[in-house]
Amino acid sequence: MPFTEHQVSKQYNPFRINVGFIIHEAPGYTRDFEFSFPFLDLSEEFQAKDFTGTATFSRTQGGLLVEAQLSATIATNCVRCLAATLTEVSSDFTELYAFDKRTETESGLFVPESGIIDLEPLVHDYLLLDIPKIPLCKENCAGLCPVCGENRNTTECDCEVGPIDPRFSQLKDLLDE
């Protein structure tokens, strides 16, 4: 479900941060970068609304440590009724941008020679990973009718659900508990 209001243009990347000056500071130096966008395109299929976040860069012996706290509203679909819904997502991550191979971490991130770090791929991936696996439009969503497919939240149908296959009856007992 794409948002229709004004969005941050893909040509302007708000996550490209010039950290060149931090490289020349003493270990222990930190600097916060704040983000706040009403709408943000993170990819063609992934838009965020009310995006806010902070990225704290700390100068260490081995590189630049970034600690980020992000939150946004993401367009998803309810897994029960398939209706478009908005889901609150928050994500925290810590990554090290190494100065050289000796301090490289599993993520393989390095401080570029230009001194400009692009956090967009990390922001995209971490928010995507923190979207709930089972997004719901509301906690008591009634879902779709298994017979006619009507949304039970908006329509009452007269469909009769047949008897449960005896091979699956024990599964129903688990739901009743």
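The table that follows gives values for the structure above.
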{"read-out": "Contacts under 9 angstrom Cβ, first residue in the stretch 93-105 being within 17 Å of residue 27 (Cα to Cα), partner part of a loop (DSSP other than H, G, I, E, B) and of a type in the set (Asp, Glu), 6 or more apart", "value": "96/104; 98/104"}
{"read-out": "Condition check for residue 155: surrounded by fewer than 16 Cβ atoms within 10 Å (Cβ to Cβ) and assigned to a strand (DSSP E or B)", "value": "no"}
{"read-out": "Subset of the stretch 70-97 that is touching an Asp or Glu at 6+ places or on another chain (Cβ under 8 Å) and surrounded by fewer than 20 Cβ atoms within 10 Å (Cβ to Cβ) - its residue that is nearest to residue 114 (Cα to Cα)", "value": "94"}
{"read-out": "Matching residues in the stretch 108-137 - criterion: being open to solvent by 40 Å² or more (accessible area, probe 1.4 Å), touching a residue at least 12 places away in the same chain (Cβ under 8 Å) and of a type in the set (D, E, K, R)", "value": "118, 130"}
{"read-out": "Qualifying positions in the stretch 54-64 - at pLDDT 95 or above and either closer than 18 Å to residue 129 by Cβ or open to solvent by 60 Å² or more (accessible area, probe 1.4 Å) (or both)", "value": "55"}
{"read-out": "Which numbered condition residue 17 fails, given (1) open to solvent by 30 Å² or more (accessible area, probe 1.4 Å); (2) at pLDDT 90 or above; (3) not charged (D, E, K, R)", "value": "(1)"}
{"read-out": "Number of the exception - residue 147 against (1) under 30 Å from residue 16 (Cβ atoms); (2) free of Cβ contacts under 8 Å to residues at least 40 places away in the same chain; (3) aliphatic (A, V, I, L, M)", "value": "(1)"}
{"read-out": "Only listed residue being within 17 Å of residue 98 (Cα to Cα), open to solvent by 10 Å² or more (accessible area, probe 1.4 Å) and in a strand (DSSP E or B), chosen from 34, 67, 25", "value": "67"}
{"read-out": "Criterion violated by residue 51 - all others in (1) part of a strand (DSSP E or B); (2) surrounded by fewer than 13 Cβ atoms within 10 Å (Cβ to Cβ) satisfied", "value": "(2)"}
{"read-out": "Top-ranked residue of the stretch 139-151 - restricted to ones that are at pLDDT 90 or above and open to solvent by 90 Å² or more (accessible area, probe 1.4 Å), ranked as farthest from the chain's Cα centre (by Cα)", "value": "140"}
{"read-out": "Filtered residue count, the stretch 123-152, keeping only those that are assigned to a helix (DSSP H, G or I) and either among the hydroxyl-bearing types (Ser, Thr, Tyr) or over 24 Å from residue 92 (Cα atoms) (or both)", "value": "1"}
{"read-out": "Qualifying positions in the stretch 20-50 - at pLDDT 95 or above and either closer than 15 Å to residue 120 by Cβ or touching a Leu at 6+ places or on another chain (Cβ under 6 Å) (or both)", "value": "33"}
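The values are calculated or read from the model by the stated rules, or taken from the named source; none is laboratory data. Owing to the predicted nature of the structure, the values given are computational and were not obtained by experimental measurement. Cβ coordinates were reconstructed from backbone atoms using ideal geometry, including for glycine residues, and neighbour counts include every protein chain displayed. Quick note on the areas: whole protein, heavy atoms, side chains included, nothing else; ligands and nucleic acids left out. Shrake-Rupley method; radii C 1.70, N 1.55, O 1.52, S 1.80 Å.
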